[in-house]
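Since every read-out is calculated from the coordinates, none of them should be taken as a lab result. Computed from a prediction, not measured in an experiment: that's the story for all the values here. Don't worry about glycine lacking a Cβ; one is built from the backbone with ideal geometry, like all the others, and counts go over all protein chains shown.
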Amino acid sequence: MTNPTRRTFGWITIAAASALALTGCGGGGGDSTADGEIAGEISYAFWGNPARAEKVDDVIGVFEDANPEATVSPEVADYMAYIERLTVRAAGNDLACATGTQSTFLAQYAENGALRPLDDLIESGQIDVSDIPEDVLAAGQVDGKQYMLPTGTFVRLLAYNADLVAETGAPAPTDDLTWEEYGDWLREVQDGLPDGVYATENEGGLMFTFMSWVAGHGGTFVEDGKLAFDQDTLADYFEFWLDLTDDGAAIPAASIPDQLGALELTPMANGIAASGTRDIPHLYITEQALAGAGKRAAVEAVSNPSDDPDESANILGSNGISIPESCDNVATAAAWIDFFANDADAALAFQSDNGILTNTTAQDALLDDADTPDGVKQNVTILQGLTESGDLTTTAYPAGLPTLTAELQRLYQQVAFGEMSVDEAAAAFFTAAEDALD
Amino acid sequence: MSATTIAPTATGTAAKAAGPRRGAARRRRENLAGYLFMTPWLIGFVAIIGGPVVVSLYLSFTDYSILGDADWVGTENYQKMFTEDQRFWAALRVTFTYLIVSVPLVQVFALGLATLLVRGIRGLTAYRALFYVPSLIGGSVAIAILWRFIFSANGLLNNFLTAIGLPTDYSWIGMPETALSTLVILNIWQFGAAMIIYLAGLKQIPTELYEAATVDGAGGLRKFWSITLPMLSPVIFFNLLMNVVAAFQAFNTAYIVSNGTGGPADSTLFYTLYLYQRGFVDFDMGYASALGWVLLVICGAVAAGLFALSRRVVFYGDE
């Protein structure tokens, strides 16, 4: 009897140890309510390069000085790897207590219950949003609830190589162009460009440009979980870019892969295209890339074209931080988010590295600081100008947007290479949207 | 008499009975030790491979979205795949084209070079290492990016063509007609691993066979056809099988070169890339699981076909 008992006990021990190892159970003791102390360890997961990771380390240092009982463990990965990891971790109920999120994919996680709303933390004052504009806050909302606190906004504008455009003899673009005028301007620029250089990158498959097209035509992208524009809107958009390509004003469809890679390798950053849409922080990077390619030039930006002068087509999105439902230290996570978004020292340490800082007071601190790089100051100034003039618009970023983004790119290529008609592609997009937005 | 007779017999019987018991106990202990040594692998296999494989079969009959519940939908995923999903067929077409073109070419390059290198030329080790290096780095991110630099409109290939008087701005990687070809070339470039195996196989062929053939007046081509190929056929079969399986699993290069899109216009949409898109972009894990199982069945069927063919064309020395 002794041996079987010992053996049984041994197997039970092995099984229990294995189960613990496999499930990752290791005790807890945290507080999943918002009322706990700012203490203990939380993880902060975000995407970026080593330079950004260093800046986050600096912010963590300042935070831990202010909250000696709390520690923040950073977890960084490059964007694509981060997105994949996010999916897997969400499936395993294992998201970091402070998880980096973005308007473009926020709804996927919020609607599936992976994230907790932050509204109670905002109401209690644990997260202060008094210095963050309402339209910026909206970029972190899903179905009216705040699931992400925006910490760095992005707005895609119409960027152009000012020196190259001036050489063509064409006037600089203005903030009040309609889409038709924009097309005419591109053709005028093209007339003055040398062979092999194009007036614009080819954006027929870019979701952000298409969203601007919809907004600029007085439409709404998504409403009540369905596409809120008609197929003709998309077909017209495809036609607009196909015509520009046929006229030689947009880079050929075969060169589209070049504009999908690293920013520094895009046609505009290499002087092969005179214009293209860019997020505000990318204007300065494009300028630096041009200088690096031996084609130093000033990169300026104007508002996206809009057929209605009262409707801005500058769509605002944001990066930010969310708290998952599974977080067992909400109070510390909230304190970290509040600190990251609002503290002036944190702003100076992070240097607005992932989108433009959302807190207006912290923006001023950045502008006043002598150590803030010129590019960062330029970004903040542009955003403040857009905010003051009200030339921004918000849009709902639906769950399923990543699918639609990929589908738009694919279908435009099918059309551009003559493998599908414009109407077939528009219809296929709507069919795909039914599944993606379901 | 009877007692003396019976006693040893009884003792002998007991001894005989105890012997098998001790033997059985020893075997059990040995078996237990064996199982204990196997336990880490077994846990790993069940938890990391076997378990997920079984679960994925179940998920293929659900609408699992990774963040939501898995509701049973029966064979809907498979029906949709075969009857509605044009991209599934496009992915199959791309994968089979890639396989049918690149796998034989890899064998030709690898065997051809191995045949040259086996002749005992000076610096053989250096050549061998040199040709093997692409196999080590060929599937890496850096090489995939390099491929874009070579085959884009302003890439090295077009610069070279311009230098020799054939100016062109054709984007080999950006046109659907040629994009897959660049990936085929990338795969062929990684022939080193197959070459090393061929080299080892060639060295095992008895030299007497060649000597006898020479005496009989056979030329180089005849010797290659009648001696080298038959004697090397098990190695060729092995390489072929490995490369076919690898072609079905090809992912990295297409993912990086096309920025994960499978473009232009789905011309580099490898099956695994499509599976990835459905799982990790669309969050349609149920459908992705079904795609995975169909790939497994196709891969298994092709492998079975190759094994069946091998009975006819592969020559083992002991036959």
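Partner aspartates and glutamates whose Cα lies under 19 Å from the Cα of B:K203, excluding those fewer than 8 positions away in the same chain, are identified as B:E211, B:D318. Averaged over B:263-273, how many beta carbons belonging to a partner chain fall within 10 Å of each residue's beta carbon? If you average over the peptide's residues, the count of other-chain Cβ atoms is 4. Ordering A:V76, B:V55 from the fewest to the most neighbouring beta carbons within 10 Å gives B:V55, A:V76. Exposure proxy shown here: for B:R122, B:R27, the number of other Cβ atoms within 10 Å sets the order, fewest to most, as B:R122, B:R27.
Would you list A:C97, B:C299 from fewest to most Cβ contacts within 10 Å?
Values: A:C97 28, B:C299 16.
Neighbour counts put them in this order, fewest first: B:C299, A:C97.
Note on B:282-290: average number of Cβ atoms from other chains within 10 Å of each residue's Cβ is 3.
Based on the alpha-carbon gyration tensor of the range B:75-222 and its eigenvalue square roots a ≥ b ≥ c, which shape applies: rounded if a/c is under 1.5, prolate if not and a/b is larger than b/c, or oblate? Cα axes put the range B:75-222 in the oblate bin.
When both bridge partners sit in chain A, DSSP labels roughly 65% of those beta bridges antiparallel. Mean-square fluctuations from a GNM of chain A, with a 10 angstrom spring cutoff on Cα atoms, peak among A:A98, A:A427, A:A341 at A:A427.
The distance from the alpha carbon centre of the range A:138-172 to that of the range B:23-87 is 47 Å, rounded to a whole number. If you take the Cα centroid of the range B:243-291 and the Cα centroid of the range A:362-407, the two points sit 34 Å apart.
The mean number of Cβ atoms from other chains found within 10 Å of a Cβ in peptide A:244-257 is 4, as a whole number. When both bridge partners sit in the protein assembly as shown, DSSP labels roughly 65% of those beta bridges antiparallel.
Note on chain A: Cα-Cα pairs beyond 37 Å make up 30% of the total pair count.
Specify whether the C-alpha gyration tensor of chain B places it in the rounded, prolate or oblate class, a ≥ b ≥ c being the square roots of the eigenvalues: rounded for a/c under 1.5, otherwise prolate if a/b is larger than b/c and oblate if not. Judged from the Cα gyration tensor, chain B comes out oblate (a/c at least 1.5, b/c at or above a/b). Once you wrap a convex hull around the alpha carbon atoms of the range A:314-412, what is its projected area averaged over all directions, in nm²? The number I arrive at for the range A:314-412 is 8.8 nm². The Cα atoms of the protein assembly as shown give a gyration tensor whose axes a ≥ b ≥ c have a/c of 1.5 or more with a/b no greater than b/c, which makes the shape oblate. Within the range A:320-364, the ratio Rg/Rh, alpha carbon atoms throughout and Rh by Kirkwood, equals 1.03. Based on Cα atoms of the range A:165-293, Rg over Rh with Rh as the Kirkwood radius reads 0.98. In chain A, excluding the sites themselves, the longest stretch lacking any of the trypsin sites (Lys or Arg not before Pro) that are in a DSSP loop with at most 16 other Cβ atoms within 10 Å is A:1-294. Taken as entire DSSP H runs, the helices of chain B that both span 20 Å or more between Cα atoms along their own long axis and average 0.0 or more on the Kyte-Doolittle scale are B:86-117, B:124-137, B:176-189, B:229-248, B:285-313.
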